[in-house]
Amino acid sequence: MALAADVIVSADAWDAAGDLDVLAARVVAQCVKTSKVRLAKVSELCVNFCDDAAIQALNAQWRGKDKPTNVLSFPTPGALAKKPLLGDIAIAYETVQREAIEQEKPFLDHVSHMIIHGFLHLIGYDHETRDEAEAMEALERRVAAALGISDPYEGSLPEDETAAELSGGENVGKS
């Protein structure tokens, strides 16, 4: 199986982040390994490193929410084992940078978490219910740990919060 992570850097602010191609490839490879997902023999996905304005436009168009968010996922329809294009992930620089500062996390660790979160949406994970959120977050933690990243949900909202509030980012469509 070969999975390519095509990277688009559509906001200049990302230039200081280093080699995003290498980061995306490393994170996606670990997601595949840890999740044990069965993909098409050859498949790809796109990660768009954009800004808040671009992600706000996408969020307004596809989710009816006219505000920026950290990550959006756009899965393509079809069975994972048969589709050559998994979908697209968009990650907003300003929001991710602000969150990393607020949560006292290294910026690239938080970016990696956004890639993990977005990838898991592309392969069918979601966080609409408490059970879905717990399963998705557990896998996010395992992938992060395999990458040497601290628990991305450490210090997250208390248990009585809704599942939708537990996870950042959104899945725009169902696979």
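Observations on the model:
- The residue pairs whose first member lies in segment 48-60 and is within 21 Å of Leu20 (Cα to Cα), whose second member is assigned to a helix (DSSP H, G or I) and modelled with pLDDT under 95, and whose beta carbons are closer than 9 Å, counting only pairs six or more residues apart or on different chains, do not exist in this structure.
Listed here are the residues, each with its yes/no results for (1) within 21 Å of Ala100 (Cα to Cα); (2) surrounded by fewer than 20 Cβ atoms within 10 Å (Cβ to Cβ); (3) touching a Lys or Arg at 6+ places or on another chain (Cβ under 7 Å); (4) modelled with pLDDT of 95 or more.
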residue: Ile8; (1), (2), (3), (4): no, yes, no, yes
residue: Ala11; (1), (2), (3), (4): yes, yes, no, yes
residue: Asp19; (1), (2), (3), (4): yes, yes, no, yes
residue: Val27; (1), (2), (3), (4): yes, no, no, yes
residue: Val32; (1), (2), (3), (4): no, yes, no, yes
residue: Ser35; (1), (2), (3), (4): no, yes, no, yes
residue: Leu45; (1), (2), (3), (4): no, no, no, yes
residue: Phe49; (1), (2), (3), (4): yes, no, no, yes
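- Positions within segment 94-134 being among the aromatic types (Phe, Trp, Tyr) and surrounded by fewer than 21 Cβ atoms within 10 Å (Cβ to Cβ), in sequence order: Phe107
- Taken over segment 6-47, the criterion of being touching a residue at least 12 places away in the same chain (Cβ under 8 Å), in a loop (DSSP other than H, G, I, E, B) and not basic (Lys, Arg) is satisfied by Ser10, Ala11, Gly18, Val37, Leu39, Ala40.
- Picking from residues in segment 48-73 that are part of a strand (DSSP E or B) and within 15 Å of Ser10 (Cβ to Cβ), the one that is farthest from the chain's Cα centre (by Cα) is Cys50.
- Any hit, segment 104-120, residues being in a loop (DSSP other than H, G, I, E, B) and within 17 Å of the chain's Cα centre (by Cα): yes
The values are calculated or read from the model by the stated rules, or taken from the named source; none is laboratory data. The structure displayed is predicted, hence computed values, not measured ones. We place every Cβ from the backbone using ideal geometry, glycine too, and count neighbours over all the protein chains shown.
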